[in-house]
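Data first, discussion second: the structure below is written as structure tokens.
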Amino acid sequence: MTFEKLKVSVGVSLVLFIFIVANVFAFGFAQKKYEDSLREQQKILDELNAAIIDTEKTGTPRNATENITKNITITPSNISHNTSEKDSSNTKKDNTTKSSVSKKNESSTNKTIIAKPVPKQKTRTIHITRRRRTHAS
Amino acid sequence: MRLKTFLGWAVILLLSFTPAFLWFFLGPGAEELTSFSSITHSLGELTALVGMTMFALTFMLSTRIRFIEDVFDGLDKVYVAHGILGGTAFILILFHPILLVLKFIPENFKQAAIYLLPSSHWSVNFGIIAIIGFIILISLTLFSKIKYDDWKFSHEFLGLVFIFAVLHTFLVRGDASRDLIFKGYYAYAGIVSTIGIFGFSYSLLIKDRLFKAAKYKIVSIKKRNEATYEIQMAPEHKPISYKSGQFVFVRFYNERLSEEAHPFSIASKSNNPVIKLIIKRLGDFTGELLNLKVGDYVSLEGPYGRFNYEDNDNDQVWVCGGIGVTPFIGMAEDLLFNHRKNRVDFFYSCKESSDFVCLDELREIEQKTSNFRLIPWQSSVKGHLKVQDIIKISGSLKNKDFYLCGPSRLKKSIIKGLISFGVPKNRIHAEEFEFR
């Protein structure tokens, strides 16, 4: 192997190394951002769930944004109870809404509210409408 | 490749791939390679183990110990091996982290990125420091045009990089530390690391204290042409013993020059007490040699190299280009005294007529000896020297030995031509002076 060939081999390996490491960091950073956004969304939903339960119990509006940056106020009139995951898709949607709150196995004594995160939240406005139960599971 | 150089390479490769053999034949071996992540992980560890062994051996190759020179048949070949081994070690070590992170990909890029970043685990951080240092220093060596002294100084930091790599090897907790055979490898890695640390400590700290270089004094400086001059040095005490065609590492003691030792071919006949160097201004250091004056002290380390015409009795063809003439001047002077019967045709190629040096001395030798013929070759007039030209002038290539020294382009084209005409490789002797 001549000196020139050695130089080329080392150069190519170095470029390949830098390319792979840069890509790992770029994709790793993108994944971290994505996971952070999911976590933030989950936090919002947890807050909303807590606010919903609180509002249902007390009947008074509550600010659901104590720990998050969104400005959302929960009132009894904007709580929607869905009975199945499928029903949650009936929640009013528009381009600005990517979150929904569904409620599984609803019974009068045991209400379990499940917050379901949706991957991408593009806006900070959440519209939650009250709907009648269509069927019970 | 001559038998001795082959022997040197065989030893190097055997030592380098021992960890891989241990892993494959005695360890989990192919049974381990069941999934993509296990394959990449195992390869990642293997590249590190082999790369570290090669890295350690490069330090041994740079010690200029006689025994190693004997094994490789010349220090110039040792330095070629040093460069190739160092480059290969670098490539293998670069792929070590890459192969290890592949197990996280494509599912978990975040984990892969975290894996490559410094953390609270110092064992891993040592590895990261070593690899960054290695990248910087090898890039400086191969891709930058810094002054020789600055490069030499930067190159010495590879010892520090090696220490970080050794710390990483022994402290990191990987499969290697859990697996029984790699516990055995740790003993091997211990020996290899000791060899590496000894290698650079010897070059950096021990050698100069242990062996005193021969002291000489400059007795004459002559300008040979616009860019070339001749320096003659007489011994202060006992002269060194050498053969024509060998080279020495020279350290000039002059306030305007750095005291870094540089290699130069000896242009005197064998064992002549006064040593002659013919130096062309090619780089920053040789340019500064104009500052030398008669009476300056010089220390010589060596001689090194096995470029000698006396190892066979066949007719010989000597081919040189430009300043590659220097080893041949001493060899030609030898012919005046040793009365050899074999014929020597000496093709001396230069671009312009003004580039030739020592032409008068060589013509004088030609007149005094019947078996030496000088063929000056001005390439701007006759074109580049080719093997066909050699055949036209010297006749058949059969039963002849070829000695080459000069620019790599000339050397490469002549070697290629000789091989295409069926000359066996062991009859071609080339001085690899670019690596010095």
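The values are calculated or read from the model by the stated rules, or taken from the named source; none is laboratory data. Remember, predicted model here, so these are calculated numbers, not experimental data. Here Cβ is always computed from backbone atoms with ideal geometry, including for glycine, and neighbour counts include all displayed protein chains. For accessibility, only protein heavy atoms count, side chains too; no ligands or nucleic acids. Shrake-Rupley method; radii C 1.70, N 1.55, O 1.52, S 1.80 Å.
Summary table
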item: Within segment B:270-299, considering residues that are among the acidic types (Asp, Glu) and not in a loop (DSSP other than H, G, I, E, B), the one modelled with the highest pLDDT; result: B:288
item: In segment B:212-221, the residues that are part of a strand (DSSP E or B) and aliphatic (A, V, I, L, M); result: B:214, B:218, B:219, B:221
item: Residue in segment B:115-127 that is farthest from residue B:6 (Cα to Cα), counting only those that are more than 9 Å from chain A (Cβ to nearest Cβ) and open to solvent by 30 Å² or more (accessible area, probe 1.4 Å); result: B:120
item: Matching entry among B:10, B:48 (being modelled with pLDDT of 85 or more, buried (at least 22 other Cβ atoms within 10 Å of the Cβ) and assigned to a helix (DSSP H, G or I)); result: B:48
item: Qualifying residue in segment B:212-219 (condition: modelled with pLDDT of 85 or more, buried (at least 18 other Cβ atoms within 10 Å of the Cβ), of a type in the set (D, E, K, R) and within 28 Å of residue B:325 (Cβ to Cβ)); result: no
item: Every residue from segment B:98-109 that is in a helix (DSSP H, G or I) and more than 8 Å from chain A (Cβ to nearest Cβ); result: B:99, B:100, B:102, B:103, B:104
item: Residue in segment A:35-49 that is closer than 30 Å to residue B:108 by Cα, open to solvent by less than 20 Å² (accessible area, probe 1.4 Å) and at pLDDT below 60 present; result: no
item: Number of the exception - residue B:112 against (1) crowded, with 23+ Cβ neighbours inside 10 Å; (2) farther than 30 Å from residue B:426 by Cβ; (3) within 13 Å of chain A (Cβ to nearest Cβ); (4) touching a residue at least 40 places away in the same chain (Cβ under 8 Å); result: (4)
item: The listed residue being within 10 Å of chain A (Cβ to nearest Cβ), in a helix (DSSP H, G or I), under 22 Å from the mean Cα position of the chain (by Cα) and surrounded by fewer than 23 Cβ atoms within 10 Å (Cβ to Cβ), out of B:68, B:84; result: B:84
item: Residues of segment B:204-234 satisfying the condition of being in the same structural domain as residue B:79 (by TED's automatic domain parsing) and touching a helix residue (DSSP H, G or I) at 6+ places or on another chain (Cβ under 7 Å); result: B:204
item: Out of B:42, B:119, sole residue that is touching a residue at least 12 places away in the same chain (Cβ under 8 Å), over 15 Å from residue A:21 (Cβ atoms) and of a type in the set (S, T, N, Q); result: B:42
item: Test: residue in segment B:282-289 that is open to solvent by 60 Å² or more (accessible area, probe 1.4 Å) and over 25 Å from residue B:355 (Cα atoms); result: no
item: Residue among B:349, B:380 that is more than 26 Å from the chain's Cα centre (by Cα) and outside the structural domain of residue B:274 (by TED's automatic domain parsing); result: B:380
item: Qualifying residue in segment B:244-264 (condition: more than 27 Å from residue B:373 (Cα to Cα), touching a residue at least 40 places away in the same chain (Cβ under 8 Å) and of a type in the set (D, E, K, R)); result: yes
item: Residues being within 14 Å of chain A (Cβ to nearest Cβ) and either farther than 23 Å from residue B:127 by Cβ or of a type in the set (Ser, Thr, Tyr) (or both) - total across segment B:52-65; result: 1
item: Leading residue by the ranking (nearest to residue B:409 (Cα to Cα)) among those in segment A:1-34 that are polar (S, T, N, Q) and either open to solvent by less than 40 Å² (accessible area, probe 1.4 Å) or part of a helix (DSSP H, G or I) (or both); result: A:9
item: Boolean, residue B:93 is part of a helix (DSSP H, G or I), at pLDDT 90 or above, within 11 Å of another protein chain (Cβ to nearest Cβ) and surrounded by fewer than 22 Cβ atoms within 10 Å (Cβ to Cβ); result: no
item: Matching residues in segment A:1-43 - criterion: being within 10 Å of chain B (Cβ to nearest Cβ) and polar (S, T, N, Q); result: A:2, A:9, A:13, A:23, A:31
item: Some residue of segment B:130-142 being surrounded by 21 or more Cβ atoms within 10 Å (Cβ to Cβ), outside the structural domain of residue B:265 (by TED's automatic domain parsing) and at pLDDT below 90; result: no
